Structures are given as structure tokens and as C-alpha cells.
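Remarks on the structure that follows.
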Amino acid sequence: MSLVAYLDKGASLGPDAPCLTMGERSMSYAEVQDLSRRIAGAFARSGVRPGDSVAILSGNDPMSFTCVFGIARAGAVWCPVNPRNEAEENRELLELFDCTALLYQSSFAPLVAKIRDRLPLLTTLVCLDAGTENDPSLQEWVDGAAPVEDDVEPPDDVSMLVGTGGTTGRPKGVRLTGRNVETMSALTLMSYPFEGRPVYLALAPLTHAAGVLCFPVMALGGEVVVMPAPDLGEFLGLIERHRVTHTFLPPTLIYMLLAHPALDATDLSSLQCLWYGAAPISADRLEEAITRIGPVMGQLFGQSEAPMMVSTLAPADHLRPDGSIARERLSSAGRPTPLVTVAIMSPDGKLLSTGERGEVVVRGSLVMAGYHKDPEATAEASRFGWHHTGDIGYLDDENFLYLVDRAKDMIISGGFNVYSAEVERALMAHPGVQDCAVIGMPDEKWGERVVAVLQALPGVELSPVEVQAFVKERIGSVKAPKQVEVWADLPRSKIGKVLKPDIRARMLES
């Protein structure tokens, strides 16, 4: 299936049903179909060919997401661009992807002005919501274009080029095929509850997890309710108003939701699944979420290179047969999904036994087609015939996957391996901690010292000494942080991940 096939499948179940909704405006499946065909025609008229890369620079917006289906109909490749990236990082991505077209919201016109003259391949620029001095609006651009009735297959089945982010140097581009997205969508539909026509609330960016989760929802003819900006009060109101069945939040936003004064008064009875992922979650906060939000929490584990569904923990798996919370599973990343093979590997390529810790490696049709124009990185990620996730973990006797840490986040202190995720779990058990990050900092005595940076719950005063003692009781003095800092807030990515490189840089400067 191409990306546009999910839209067309949904339309076949009811063309007049609501497809994309924001505020008071709702576009039906037929309206989105019609506009996507005219957008594809405008691409052809502008010289965009099958296989060309087309970037979208936009916040959450139904019109920009409609353009994704126009790109797919034209046989071009969708390049979602993170609107929070700096101008130079976006320029590097568009250059790496050989983008020939860019669709952008007018709020990003100043950023586009900084980079357009340094991208010679970029010949088609369209402003989505208003014409500018240099570029037409989307409405002006599609006006008079002949609609594309016969969809074009993308060369090599590549549907998406996804930037991995530039925290470790020049960003890489992940080549995702229609088959990858189809596998991800099938795994979503087989792993989680879906009853009736789903209503999916997209608070997180459509450029990330929230976007690809739209495809399985559309395959069932569901409605996607788009939030232009993250606001948890509005999020709760929309769940009640639209009878939302499915949504996705990263753990950081779940912690904030649990602290929101309107949570307990909101009717959440329509929810079938609240997906969480993108970062480790505190078992204590997850148990609280199941108790207060409902038995609807659904974990997913994946990465750009193997999107979303490497392993899953469905809502029912959070509970024992008697309905009590299965606390022993709450720290796991679920079980490997049916269409993915997961193993644990040593650095020399040996597959390890149950309970042994090593790198999590995967195989299957979920795994990317490789990194764009980077055969060395592709070979490195696929050595020994498996895709290497960069996560350290183990499988238990029941085949539940436990992630111990990112390989690059492991701290070697005094000759001992300290897994930052384990320290973070202990910190998150403290009743006054809203969020935290653990990093290693250079230390003359220990080589690296364990440093914890905390964000307190509203109205709570945290004592670094008391927090150190709290953690030491749970995991011992070797792993307990040698230094504890309390910050008003932690730096985060647009999807809510705490940015450890930013924390490390700030600590080094101080």
C-alpha cells in the first residue's frame, strides 16, 4: 500500500465521514481525496517527478497533512521536517534529501528565507496558508491543475525520508518504504483494541509518531482530530467533546497530565487506547495513569529505522487475569510483535540467552531500507544481518523485552556500568519528582560521575541530599547520583523527549 491507500480505504467506508478535524472545521474523506488529487496535479505541473523528495515544514494542521497524500499520489517522497529545528539543520536535511519542493506555513517564512538561496535543487516553494512575495499560496498553486486520477507508484517503494536529528553530528535520513508503513499499520491494528470507527486525537507532532499513527486509523475510516499546539486542558476537553478513542502522548506529557487539575473531572470513558512511547516511563506514574485515566494505556517501542511497533504492551497486558495491575510488567517494553524478530546480541555478534544483557537487534519487514546516501552507516546498523537499535536490554522467560538504557547513555563510573534509565526509574519513584534526566559527567576520581537533573512537581521543594538518600536506598551507593541539580524545567524536543545533550552542554558551561 502507498500512503494514499489508507485515505482511499477510509473513503471507501464512507466518503462523507469526517476525516481531518481542527477546531470547528472538519474535512470529509471525499474532500481530502479531492484536494490530494489536485495537489498531485499541481506537483506534476510544477515538474515534480516520481521519486523526487518533497518537504513539509508546518505545525499540526489538516491542510499540511492533506498534502502528504498529494505527495504520495504523485509518486514523490514525503520528507517531514521538524519545525523546531534550527534553520541550518533544516537546510542540511533538505540538501541531504535532494528536495525539489517545499511546502511551508507562513509562520516559517523567515526560516525559509534564510535557506532557500542555498538549496539550488529547490525549485518549487508553496506557502500553505497565505501567498508571500515570492511564493504562491496552496490555493493559488493548485488552481487550474488537472487532478491526478491514477496514482503513481514511488520508485523503490520509498514513501518517506525521515531525519534522525543532528545531536551526534550531521543528521541521517531514514528510507521508509510503503512496506515498512504497511507492516507498522498492520501491527498497530492487530496489537491494540479498535472497536467501531476510531476517533484519534493528534496532540503530538504529525511529523513524528502522531503522523504515522493516522494511517491505521484512516484504514478503518476513523476521524483524526488535530491539535495545532500542545495544551493539556484543551486535550482533555477534546477527548470529552469528540468522544476520542485513541491518542498518543510521550511519558513527559503523561506526567504533566497526571498533575493537571482537570484530569479527574474529565469524562474519559470513550478512550480505548492511550499510546505511550518515545522514552522510558516511570512504573509508579504508569500505575497511577492506569488507576486515574483507566485500563487503556498501551505501550509501543520502535524507532525511526523500525517505526513504532518493534514491541508492544497492549492495555490488557498491563493487568493480571483478576484485573489487578501487573506491576511486574510495567517496566517492560512489552513483547516483540508478530511480524518482527527480536534478539539480544553481544558486541561480537553472538546472540545471547534469556536474561542476558546486550544490544537489542531486530529483523523483519518493519526495518528501513537503509540510510539515504550513507552506505557506511547502513552497513554499520545492519552488521551480522540484524538491525541494531542502539538500545541495551534483555528478554525474560515470558519473552517480555526490558530496555536497560541507550548504549550511548551508559555511564562507566569507578569501573562499574551504570545504566541511566535504572537511576531515572529510582528517581521517578520519589513522590516530589515530576521528571528527570541522568547523565555522566567527567570526573577525576570516578572517570564519570552520575549526575541527576530534576524537575519538581508544582509546589514541591526538593532537597538534593534527601533525593540522593532516597535513591541510594533503592539501588545502592554505586549507582546513586553523586550530584543532584533541581531545574525549573528540562529542555525537551517537540515530541517531549528530554534532551540530554542540551543538559550536558549546559552543565559543562556552568
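The values are calculated or read from the model by the stated rules, or taken from the named source; none is laboratory data. Since this is a predicted model, take the numbers as computed values, not measurements. Cβ placement follows ideal geometry from the backbone for every residue including glycine, while neighbour counts extend to all protein chains displayed.
When each of Leu176, Leu187 is tested for being aliphatic (A, V, I, L, M) and either surrounded by fewer than 16 Cβ atoms within 10 Å (Cβ to Cβ) or under 20 Å from Leu249 (Cα atoms) (or both), the lone residue that passes is Leu187. Per the conditions (1) at pLDDT 95 or above; (2) farther than 16 Å from Gly298 by Cβ, the sole criterion not satisfied by Met190 is (2). The set of residues from segment 330-373 being more than 24 Å from Asn180 (Cβ to Cβ) and surrounded by 15 or more Cβ atoms within 10 Å (Cβ to Cβ) comprises Leu330, Ser331, Ser332, Leu352, Arg357, Gly358. When the residues of segment 95-117 are filtered to those that are assigned to a helix (DSSP H, G or I) and not hydrophobic (A, V, I, L, M, F, W, C), the one that is nearest to Gln139 (Cα to Cα) is Ser106. No other residue among Ala429, Ala407, Ala379, Ala437 is farther than 29 Å from Met190 by Cα and either modelled with pLDDT of 95 or more or polar (S, T, N, Q) (or both) apart from Ala379.
Considering only residues in segment 392-412 that are over 17 Å from Leu351 (Cα atoms) and charged (D, E, K, R), the one that is farthest from the chain's Cα centre (by Cα) turns out to be Glu398.
Cβ-Cβ contacts under 6 Å between residues 6 or more apart (or on different chains), taken from a first residue in segment 353-371 that is assigned by TED's automatic domain parsing to the domain that holds Leu395 and more than 15 Å from Thr341 (Cβ to Cβ) to a second residue that is among the acidic types (Asp, Glu) and surrounded by 15 or more Cβ atoms within 10 Å (Cβ to Cβ), are listed as Met368/Glu305. Let me confirm something: among Arg179, Arg175, which residue is basic (Lys, Arg), within 18 Å of Lys9 (Cβ to Cβ) and in contact (Cβ under 8 Å) with a residue 60 or more places away in the chain? Result: Arg179 is the single residue among Arg179, Arg175 that is basic (Lys, Arg), within 18 Å of Lys9 (Cβ to Cβ) and in contact (Cβ under 8 Å) with a residue 60 or more places away in the chain. Inspect segment 125-134 for any residue being crowded, with 19+ Cβ neighbours inside 10 Å, in contact (Cβ under 8 Å) with a residue 40 or more places away in the chain and assigned to a helix (DSSP H, G or I) and give the result as yes or no. No; the residues of segment 125-134 include none that is crowded, with 19+ Cβ neighbours inside 10 Å, in contact (Cβ under 8 Å) with a residue 40 or more places away in the chain and assigned to a helix (DSSP H, G or I).
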